[in-house]
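Below: one structure, written as C-alpha cells.
The values are calculated or read from the model by the stated rules, or taken from the named source; none is laboratory data. All values derive from a computational prediction rather than experimental measurement. So basically every Cβ, Gly included, is an ideal-geometry build from the backbone, and we count neighbours across all protein chains shown.
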C-alpha cells in the first residue's frame, strides 16, 4: 500500500471559504491536478512538491493545535493515498474537509470527511469534466461549490440547483471569481432570485491577497 504523497505545502491560516470560514485551519495542499480551469489560482501546485509519508504529514500539522484540517490541491484525489490520509486524520479526531474538483470519483471518501466539491461552471473551461454521479454521494454535511465568473455561469448554476435538487441534498456555495465577477452584483442576484445558497467570498484574498492564506 502506498503511504506517501507529493505535497506542495502545509500551512496554518484562517479558512477562507466553505461553512467553516474564518476558523483557524491547517491546510495540506497536494501536488497535481488533471484539470486546467481558466480561473485557477493554484497553478503552482500542478507540479513539483515533495514526497512525504503520512506519519510525517501528521507530525507536521500537530503543533498548530487546531482541530480543523483541510486537504486540498491541485486535486487531492488524483493521488490514491489521499484516501488513507483522510481516514488517518479522522481517526485522530480532526475535523477534516476535502476540497475536490468534482471530476474524480468521491464514492470511496471516508464518510467522516466533509466533501467540498465543485461543479465546474462554463467559464472554467472544464465543465465537461464534471462527474455528475458524485452528487449521489453528497449528504447534509457536505458542500457543493459553484465558482461564478459570468452571467452564463450564474444562469447555469441556478438551473443546476433545481435539476439536481442540490439544496435538499447538501450545502450550496456560490463564489465569485476574484477580479472577474463583481461580488456585490452576485450577492444582489442571489437575493433577487431568493436562492437557498450561501454567498461566499475568499476571505484569505481579502486579508492577504494570496491563494495560500497569507
State which residue pairs qualify: first residue at negative phi and free of Cβ contacts under 8 Å to residues at least 24 places away in the same chain and inside segment 105-123, second residue buried (at least 21 other Cβ atoms within 10 Å of the Cβ) and part of a loop (DSSP other than H, G, I, E, B) in any location, beta carbons under 6 Å apart, and separation of 6 or more residues or different chains. none
Note on segment 180-199: residues loosely packed, with under 14 Cβ neighbours inside 10 Å and more than 20 Å from the chain's Cα centre (by Cα) are 182, 184, 185, 188, 191, 192, 193, 194
Taking segment 9-48 and keeping residues more than 21 Å from residue 65 (Cα to Cα), in contact (Cβ under 8 Å) with a residue 60 or more places away in the chain and touching a helix residue (DSSP H, G or I) at 6+ places or on another chain (Cβ under 7 Å) leaves 33, 34, 35, 37, 38, 39
Confirm whether residue 40 is out of contact with any strand residue (DSSP E or B) (no Cβ under 7 Å at 6 or more places or on another chain), crowded, with 17+ Cβ neighbours inside 10 Å and at pLDDT 95 or above. no
